[in-house]
Amino acid sequence: MNKFRVLSGLVLLSSLLFTMTGCSGGNETKKAEKKENTAQTSKVDLSVEGGSFIIPDGGKVDDETGFLALEIKVKNKSKDKLDVSSNDFALYDEDGKKVSSEHVYDSNDNFKVMSSESLSEDKSFTEPLVFEVKKDAEYELHYKPTYYSDDEKDVGVELKLNTKKYTDETKAVQALMSQYVTKVFYGSDEVKDEDKKAAGKLELANDVDQESKTFKEEAINALKDSFSNYEPSTAELEKVITQIQNTNAEKGKVTYTFKEFFPESAVIYVRPEMVLLDDVDTKAITEKFVEENKGKYTDYTSVRRDAEKYLLQELPAKINETPVNTDENMNGEGYQVKLEKKDGKWEINSANESRNYYFKSMKETFRGGLND
């Protein structure tokens with residue numbers, strides 16, 4: 001992102017000196033209840049311990065279909081070793097169509113689907129299987145061991161499932177991200193009713209009050225660094241930053257889409273269309289200053305100082321008139337923001353560290369393109 005240039009009309013300012021001297025100068029819903037379904041044979045206990053909808057990287061979902069991660073528990077009741085594989089399971093819809101499990105993983109490598117396990121007597125394990133399903137439909141989960149003992153073939157197990165009973169927190173977490181933008185980047189407590197409703201009982205783990213304060217302080221300091229001849233007061237700088245926040249809150253647009261979503265982590269694309277200071281017509285402000293001050297200066301230092309002061313005073317009105325835009329360096333889908341679930345709350349990774357560069361770039365956009 002380019003550094004915001006305070007004065008774009010230096011040639012015009014120089015014309016003031018030409019007049020005088022002729023010299024020139026130089027921006028919750030609850031999870032499905034555990035053990036919803038159980039079944040057993042003489043050798044195996046099988047149960048669905050819970051489940052929720054996820055979004056694997058590259059997965060396409062909508063209001064009708066999604067990816068359901070089921071927590072499958074298998075216990076070996078026999079005296080023989082039991083080999084269990086994801087290939088032993090299949091889901092069947094109401095028309096008898098088979099749905100195979102998906103091989104998915106998250107970017108943190110924390111979510112791992114069932115692969116294969118060997119269970120000795122009375123041992124069990126619980127691991128997820130992921131299926132692409134309709135979100136309001138009946139299914140049957142079939143389990144039949146691929147490997148058999150020499151003397152007999154194991155009998156399969158079938159469980160009935162209703163996908164409507166399982167949690168889909170994607171809209172709730174998206175609403176939390178929107179709440180964060182409102183409170184931190186816009187500096188507003190006026191969270192949209194639709195975001196409150198969508199978030200339900202889910203909460204952010206972030207200290208949004210402190211982050212809002214820090215965001216504004218960083219924006220003020222970044223704007224201050226843009227002035228080299230005039231020393232602005234904090235009040236003057238804050239007025240401009242507040243105008244950026246208010247204008248963006250009023251006419252800015254933010255689009256959210258998930259890159260991936262898992263029970264304990266997520267990556268969401270945030271695509272802001274905001275007022276960028278590079279788009280503000282500072283040349284018009286400079287021209288107005290020149291027109292109003294012809295013949296009043298004898299030194300270039302005074303011209304630049306007073307021109308920067310004038311620009312700072314006029315910026316709020318010009319910001320309000322400027323159309324929103326997207327950062328030219330932003331990925332087309334938006335900035336990637338990472339979230340992690342901790343103690344039942346979702347925390348947005350807002351850490352000020354080099355590897356969190358997407359979030360840093362996003363902050364710059366929300367403050368008009370001002371960079372550190």
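Table for the structure above
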{"quantity": "Long-range Cα-Cα pairs in the stretch 252-298 (distance over 17 Å), rounded percent", "calculated": "64"}
{"quantity": "Exposure ranking of GLU71, GLU264 by accessible area [1.4 Å probe, largest first]", "calculated": "GLU264, GLU71"}
{"quantity": "Rg(Cα) / (2.2 N^0.38 Å) computed for the stretch 237-372, rounded to two decimals", "calculated": "1.37"}
{"quantity": "Cα-Cα pairs of the stretch 188-315 separated by more than 24 Å (percent)", "calculated": "47"}
{"quantity": "Surface/4 of the Cα convex hull for the stretch 44-103, nm²", "calculated": "5.5"}
{"quantity": "Centroid-to-centroid separation of the stretch 211-267 and the stretch 55-102 [C-alpha atoms, Å]", "calculated": "44"}
{"quantity": "Candidate aspartates and glutamates - alpha carbon under 14 Å from LYS213, same-chain residues fewer than 8 apart omitted", "calculated": "ASP189, GLU238"}
{"quantity": "At q = 0.11, 0.21, 0.23 Å⁻¹, base-10 log of I(q)/I(0) for the stretch 168-252 (Debye sum, equal scatterers on each alpha carbon)", "calculated": "-0.37, -0.96, -1.07"}
{"quantity": "Vicinal HN-Hα couplings computed from phi for the stretch 201-208 (Karplus, 6.51 cos²θ - 1.76 cosθ + 1.60; Hz; Gly/Pro x)", "calculated": "8, 5, 10, 7, 7, 5, 7, 5"}
{"quantity": "Heavy-atom accessible area ranking, 1.4 Å probe, most first, across GLU287, GLU194, GLU273", "calculated": "GLU194, GLU287, GLU273"}
{"quantity": "Over the stretch 277-325: Kirkwood hydrodynamic radius from C-alpha pairwise inverse distances, Å", "calculated": "11.6"}
{"quantity": "Long-range HN-HN contacts of GLU260 with modeled amide H, under 5 Å", "calculated": "VAL267"}
{"quantity": "Convex hull projection area averaged over all views, the chain, Cα basis, nm²", "calculated": "22.1"}
{"quantity": "Amide H contacts under 5 Å for LYS341, placed H, 5+ residues apart", "calculated": "SER265, GLU347"}
{"quantity": "Mean accessible surface per residue for the chain, computed with a 1.4 Å probe while every protein chain stays in place, in Å²", "calculated": "53"}
{"quantity": "Cα pair distances in the stretch 157-205, grouped into 10 Å bins until the bin that holds the longest one, percent each", "calculated": "25, 41, 16, 11, 5, 1"}
{"quantity": "Descending principal axes extents, the stretch 46-201, alpha-carbon based, whole Å", "calculated": "70, 34, 26"}
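The values are calculated or read from the model by the stated rules, or taken from the named source; none is laboratory data. Every value quoted in this text rests on a predicted model; they were computed, and no experiment measured them. Surface accessibility is based on the protein's heavy atoms, side chains included, excluding ligands, DNA and RNA. Shrake-Rupley method; radii C 1.70, N 1.55, O 1.52, S 1.80 Å.
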